[in-house]
């Protein structure tokens, strides 16, 4: 199965001197976060929403990339946005949240991060076996489209590539190892019922993230892909409020 949802960029005259790098999750496309990205753009923010390497084509392609390719993707998006605006925020869904944290770790000038059902821990016996498992089993059943709203369906791979999953494990370790560098304020959205990323991920982040401001907003009516679910407007409005608040603070 081949699917396409390319990178999105929103930039027009009259916008604020501020922007957001909006990041998709593992095996998904930018379509999973495009509602949020367009909302932020409609409210005057410049947006870069990159399609991550190995995504949006066929699942086999995710077994051909490295986590460093995703880092290059988000660094390129950040650099592109930096040419247009001085004030930058990052926001990501699931693995996109981990990549948002990576950018915060790497760029202290980023004003703040917004994490949506983010993943930072991937544990268990099968995870430890991935280095060997990927050599014999190229994919396992999909983890996509965990959405409560029956009218929505996530455009994503119908299989989860084991090689790509192993690369995600490497990325998450890198992010955990450098989490102590994140001093920016962070807004965290977490669905009460999430069938993909367990609550332990939020607990870990709240415990080890050194940011003085760590606000969590519980989503009561959405599953994992909350940016496409019943609570998507809450995410949009609260994200915009967080950005405006910290943009105002930065201007002093």
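The values are calculated or read from the model by the stated rules, or taken from the named source; none is laboratory data. The model shown is predicted, which means the values in this text are computed figures rather than measured ones. Backbone-built Cβ (ideal geometry, glycine too); neighbour counts: all protein chains shown.
Details
- Any hit, segment 188-199, residues being closer than 24 Å to residue 58 by Cβ, assigned to a loop (DSSP other than H, G, I, E, B) and more than 18 Å from the chain's Cα centre (by Cα): no
- Test for residue 110: is it touching a strand residue (DSSP E or B) at 6+ places or on another chain (Cβ under 7 Å), modelled with pLDDT of 95 or more, part of a loop (DSSP other than H, G, I, E, B) and farther than 22 Å from residue 234 by Cβ: yes
- Residue count for segment 113-137 satisfying the condition of being in a loop (DSSP other than H, G, I, E, B), surrounded by fewer than 15 Cβ atoms within 10 Å (Cβ to Cβ) and either out of contact with any helix residue (DSSP H, G or I) (no Cβ under 7 Å at 6 or more places or on another chain) or touching a residue at least 60 places away in the same chain (Cβ under 8 Å) (or both): 3.
- Residue check, residue 43 touching a residue at least 24 places away in the same chain (Cβ under 8 Å), surrounded by fewer than 24 Cβ atoms within 10 Å (Cβ to Cβ) and touching a helix residue (DSSP H, G or I) at 6+ places or on another chain (Cβ under 6 Å): yes
- Of all the residues in segment 182-196, those that are in contact with a helix residue (DSSP H, G or I) (Cβ under 9 Å, 6 or more places away or on another chain) and under 17 Å from residue 232 (Cβ atoms) number 6.
- When residues of segment 224-252 are limited to those that are assigned to a loop (DSSP other than H, G, I, E, B) and touching a residue at least 40 places away in the same chain (Cβ under 8 Å), the one surrounded by the fewest Cβ atoms within 10 Å (Cβ to Cβ): 230
- Considering residues of segment 195-223 that are under 15 Å from residue 121 (Cα atoms) and touching a strand residue (DSSP E or B) at 6+ places or on another chain (Cβ under 9 Å) only, the residue surrounded by the most Cβ atoms within 10 Å (Cβ to Cβ): 205
- Filtering 79, 94 for residues that are out of contact with any helix residue (DSSP H, G or I) (no Cβ under 6 Å at 6 or more places or on another chain), crowded, with 24+ Cβ neighbours inside 10 Å and either modelled with pLDDT of 95 or more or within 29 Å of residue 142 (Cα to Cα) (or both) leaves a single hit, 94.
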